[in-house]
1. Can you give the three extents of the C-alpha atoms in the chain along their principal axes, from longest to shortest, in whole Å?
2. Could you tell me which of rounded, prolate or oblate describes the range 93-212, using a ≥ b ≥ c as the square roots of the eigenvalues of the alpha-carbon gyration tensor, with rounded for a/c under 1.5 and, failing that, prolate when a/b is larger than b/c and oblate otherwise?
3. Can you give me the accessible area per residue for the range 107-205, using a 1.4 Å probe, in Å²?
4. Please give me, ordered by residue number, the chymotrypsin sites (Phe, Trp or Tyr not before Pro) of the range 10-109 that lie in loop per DSSP and have at most 15 other Cβ atoms within 10 Å.
5. Given a 1.4 angstrom probe, I'd like the percentage of the accessible area of the chain that is carbon and sulfur, rounded to a whole number.
6. Compute the signed sum of charges (Lys and Arg +1, Asp and Glu -1) over the other residues within less than 12 Å, Cβ to Cβ, of residue 70.
7. Can you list residues whose amide H is under 5 Å from residue 86's amide H, if they're 5+ apart or on another chain and H is modeled 1.01 Å from N?
8. Need one number for the range 47-115: average projected area of the convex hull over its C-alpha atoms, nm².
Amino acid sequence: NGFQLELDNGELYRADRVIIATGGKAMPSSGSDGSGYDLAKALGHRVTGVFPALVQLKLEGPFFKRIEGVKLVGTAEIIHQNQSLAKDRGDILFANYGVSGPPILQISRQAGELLQQGKEAILKISVIDSMSKEELLQKLQKRFRVGAKKPVDFSLVGFINKRLIPVVLMEAGINDLKRPAGSLSVQEQERIGDILTDWRFKIRGTKSWPSAQVTAGGIDTGEIDENTMESKLVKGVYFAGEIIDIDGLCGGFNLQWAWSSGYLAGQSAAL
Ligand SMILES: Cc1cc2nc3c(=O)[nH]c(=O)nc-3n(C[C@H](O)[C@H](O)[C@H](O)COP(=O)(O)OP(=O)(O)OC[C@H]3O[C@@H](n4cnc5c(N)ncnc54)[C@H](O)[C@@H]3O)c2cc1C
C-alpha cells in the first residue's frame with residue numbers, strides 16, 4: 001500500500017516507491033550517522049558488519065609522540081600471516097596515535113577487515129624503498145666507515161628524517177646513540193637496514209567514523225536487484241550509494257558509485 005515518510009518537522013509524505021540513500025556512517029557530522037541501516041533492517045534487510053575505511057591507522061609503540069609530524073615518501077603494506085594484502089606508496093605521515101597519509105588510507109580497509117574478524121594486522125613501512133637492502137647496507141657501511149669517530153646518530157643525519165634517527169636506532173636495539181659509528185657490528189648495521197626497509201608495527205585499530213572517508217560493509221548486495229537497485233525483499237524500495245555493501249579506493253570511485261547507483265535507482269523508481 002505504499003510508504004509514508006515523516007520528516008523531523010512532522011511533515012508527512014506518501015509514496016509508491018522510495019529510495020534509501022542515507023549514506024553510511026563515515027563523517028557523521030554530515031548527517032550520515034547510520035540511521036539508514038535501521039530503516040533497512042526494519043524492512044527485513046541484512047546489514048553486513050560495517051567498519052571505517054579510507055581512514056588512519058592506530059599503531060602499537062611507545063614512541064609516536066616523539067615522531068608526530070614526521071613525513072616521508074615510502075611504501076606501506078598490510079601484512080597478515082606474512083602475506084601482503086595491500087600495498088601503496090606515497091606520503092606517509094606519523095601521528096601521535098600511529099600513521100596517516102594517502103597510502104595509509106588506501107590500504108586501511110584490509111586492516112579494518114582483519115581487525116573486525118579478530119585477526120592480527122601488521123603494518124610494514126619501508127622508509128627507504130628506492131634501493132635494495134644490499135645497496136642500502138653498502139651505503140650505510142660507507143657512512144659508518146667515513147664518519148667512524150662520529151656518534152652513530154649523527155652519521156644518519158641527511159640520510160633519513162632527523163627526528164626518526166633516535167627511534168630507528170632504538171628499534172634496531174642500539175640504545176647508546178652517542179657510540180662511535182665505527183663501533184657498530186655487522187649485525188647492528190643489518191638491524192638498522194631491516195628497520196629502514198621493513199619496519200613492522202602491530203595495528204591496534206583504525207581511527208573512528210568522524211575520521212573515515214567511507215563505510216565498508218552495508219546492505220547485503222545479494223538482496224538488491226543489480227539491474228534496478230530495487231530491494232528483492234520489499235517491492236518499491238530502492239537503494240543507492242554508500243549504504244550498500246560496496247566501497248572503493250580513493251580516487252573518485254565512491255562518489256561515482258553513489259552517482260551511478262543513484263541514477264539507476266532514480267530511473268527505475270520513476271518508470
Ligand atoms: C571527508 C571525506 C572526503 C571524501 N572524499 C571523496 C573523494 O575525494 N572521492 C570520492 O569518490 N569519495 C569521497 N568521499 C566519499 C563520498 O563522499 C561518499 O561515498 C558519497 O558521498 C556517498 O554518497 P551517498 O549519497 O551514498 O551518501 P551521503 O553523501 O552520505 O549522503 C547521505 C545523505 O542522507 C542524509 N541522511 C542520513 N540519514 C538520514 C535519515 N535517516 N533520514 C533522512 N536523511 C538522512 C544525510 O544527511 C546525507 O545528506 C569522501 C568522504 C568524506 C567523509
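The values are calculated or read from the model by the stated rules, or taken from the named source; none is laboratory data. All values derive from a computational prediction rather than experimental measurement. Note: ideal-geometry Cβ built from the backbone for every residue, glycine included; neighbour counts use all protein chains shown. In case anyone asks, the SASA skips ligands and DNA or RNA and just uses the protein heavy atoms, side chains included. Shrake-Rupley method; radii C 1.70, N 1.55, O 1.52, S 1.80 Å.
1. Largest first, the chain extends 86, 34, 29 Å along its Cα principal axes.
2. Cα axes put the range 93-212 in the prolate bin.
3. 51 Å²
4. Filter output for the range 10-109: 63.
5. 50 percent
6. Net charge around residue 70: +3.
7. Residues meeting the amide H criterion: 78.
8. Its Cα hull, projected and averaged over all orientations, spans 5.0 nm².
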